[in-house]
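What follows is a set of notes on a single structure, which appears directly below.
The values are calculated or read from the model by the stated rules, or taken from the named source; none is laboratory data. This structure is a prediction, so every number in the text was calculated from the model and none was measured. Every residue, glycine as well, gets a Cβ built from its backbone with ideal geometry; the counts of neighbours run over all protein chains shown. In case anyone asks, the SASA skips ligands and DNA or RNA and just uses the protein heavy atoms, side chains included. Shrake-Rupley method; radii C 1.70, N 1.55, O 1.52, S 1.80 Å.
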Amino acid sequence: MDRTGVASETRKSPWGSVAPAAPACSLADVMSEQLAKQLDEEDATFPALTEPGADLLSSGDAPETTSDLMLAKMLQMQFDREFDDQLRREEKKFNGDSKVSISFENYRMVHPYEDSGSSEDEVDWQDTRHDPYRADKPQTTPRRGFVGKGKNITTKHDEVTCGRKNTARMDNFAPEVHVGDGLGMDLKLPNQVFNALKQHCYSEQKRSARLHEKKEHSTAEQAVDPRTRLLMYKMVNTGVLENINGCISTGKESVVFHADGGSLEEEPVPDEVVLKVFKTTLNEFKNRDRYIKDDYRFIDRFSKLNPRKIIRMWAEKEMHNLVRMKKAEIPCPEVVLLKKHILVMSFIGKDHVPAPKLKDAMLGSEDMKNAYYQVLHMMQQLFQECNLVHADLSEYNMLWHEGKVWLIDVSQSVEPTHPHGLEFLFRDCRNVSTFFQKRGVSEAMSVYELFNIVTGLNIPVGAEDDAEFIAEIVALEKRNEDHVQRRGKKTFPIDSEDVSPPSSPGAAD
Ligand code: ADP
Ligand code: MG
């Protein structure tokens, strides 16, 4: 038979006249091996059937279908279609809702006209010009019926080729997506599956890009361990922070980061915040035990906790102390959030520039004098209103911002009833006095005067002898401890009636 003849005939609706023209023809005949072979040979002459919508259903000038071959082909197609339908049903049943499906494709009597239906309504990535994942060299190796008939004839209708193409395209997914050797095992990804995978990769990529962008800005994040990084990312992800920008300070016990605030439970977080990350390297904290293990607020918990949790307690302690200070209106960072060993608080400074430490601030004499009186007042407030001793007060932990001294770094602060509380306070006083005296503040009191004025005690300032003064302080602490033991509870006796300063009569016992 003339091939071109068949081709042109079939292109005009062979179905159109099946009913009237079909002569009796047994299926057995059609299925004969000889015929099948013939069909195979004629395969290439079927291009017209790849456009079912266009040709098969048009009823215009129907061709004569008296030819046995034509009928045989039609019947064969009918049979194949039913077979494929059945196969599809089985495939569907087999795969169910599983995201990874097994394809029965190889067993199909593939007739190109069949394969359009399923994904017509979906975005078809193969046909999308802007497919970001378009393979460099898409594998278009049609096996039959794809001779150039304009852009309507495409691989779209061949699930096998399409599936392979989809599999090949997976190589273009982001490098972190492990797609396996799909091509090696001749995986044929149906459009839906490919689309779903692609969509997933796309959104994953966007999410990770978002995180990366934040991360890029802060190379210093490497200074903290992965657990901490994860916590920090979570803060960004949940929107508490907009951005983590970089490290302000790395100390022995903590790393401080600058970050842009987002919002927390619909409340806005300050525009600029710091994250104080308490270091989880435990060694650094060993020598700080004494600040916390005798602090009655934490004493019960201290004995029961593992070292990691103790480090969290440092963060918690700083938070509580800051809250107390804020209540007394002492200038200090405002607590935003505590997450394990990370404390988020407001930033003292402006436009990413932290306020200078008092040690570094270039202050005129008037400002310096002012600063001194502020510090004096703050120490009194801290002791008397907040019931706290800073315990690490120095020009390193005071910032100069907007004409004010701000107190920071209060994780080690204790209550005055702490067995060494007054000694800590004495040390603070010494730091403060020495600093301001050195900076030429003539009004700066001696350490002893300062101590007395902060505590309201009246320890005699005799021969300006440290040892004697400290001995008095230790005696006071001891009396307080005894008192506590007798009473079985912690109270601070200094300003209570039953304890008077050692200098007064009757104070000796
Ligand atoms: P450390 O225990 O490591 O000394 P600090 O709380 O003193 O921790 O913080 C270290 C440094 O980080 C400070 O000296 C200060 O420069 C900076 N810093 C800490 N908190 C803030 C804050 N809220 N605003 C601005 N800078 C801060
Ligand atoms: Mg500090």
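Beta carbons within 10 angstrom, averaged per residue: use that to sort the peptides 350-363, 324-337, highest first.
Answer by packing, highest mean first, reads 324-337, 350-363.
Based on the mean of other Cβ atoms within 10 Å per residue, sort peptides 190-199, 417-426, 265-274, 97-106 so the most packed one is first.
So the peptides 190-199, 417-426, 265-274, 97-106, ranked by packing, come out 417-426, 190-199, 265-274, 97-106.
Ignoring ligands, DNA and RNA, please state the percent of accessible area on the range 303-391 from carbon and sulfur, probe 1.4 Å. Provide the component values of the computation, followed by the final result.
Working: 2110 of 4210 Å².
Answer for the range 303-391 is 50 percent, counting heavy atoms of protein chains only.
Note down the net charge around Ile408, summing +1 for each Lys or Arg and -1 for each Asp or Glu among other residues with Cβ under 15 Å from its Cβ.
On the way: positive: Lys276, Lys317, Arg324, Lys326, Lys357, Lys359, Lys404; negative: Glu253, Glu272, Glu318, Glu334, Asp360, Asp392, Glu395, Glu402, Asp409, Asp428.
Net of charged neighbours comes to -3.
For the range 343-437, what is the convex hull (Cα atoms) projected area averaged across all directions, in square nanometres? Can you show the working numbers first?
Numbers: hull surface 25.6 nm².
Result: a mean projected hull area of 6.4 nm².
Calculate, in nm to one decimal, what Arg89 and Lys309 gain on full extension: separation in residues at 0.36 nm each, minus their alpha carbon distance.
73.4 nm
Quick one: net charge of Pro354's neighbours, Cβ under 12 Å, K/R +1, D/E -1?
-1
Give, as a single signed number, the net charge of other residues whose beta carbon lies under 10 Å from the beta carbon of Arg227, with Lys and Arg counted +1 and Asp and Glu -1.
Summing Lys/Arg as +1 and Asp/Glu as -1 gives +2.
Once the Cβ-Cβ distance between Lys327 and Lys478 is put in as r, and R0 is 30 Å, what FRET efficiency do you end up with, to the nearest 0.05?
Approximately 0.45, to the nearest 0.05.
Hey, quick one: spin label on His377, modelled 7 Å out along Cα-Cβ, who in the range 400-417 has an amide N within reach, i.e. under 19 Å?
400-408
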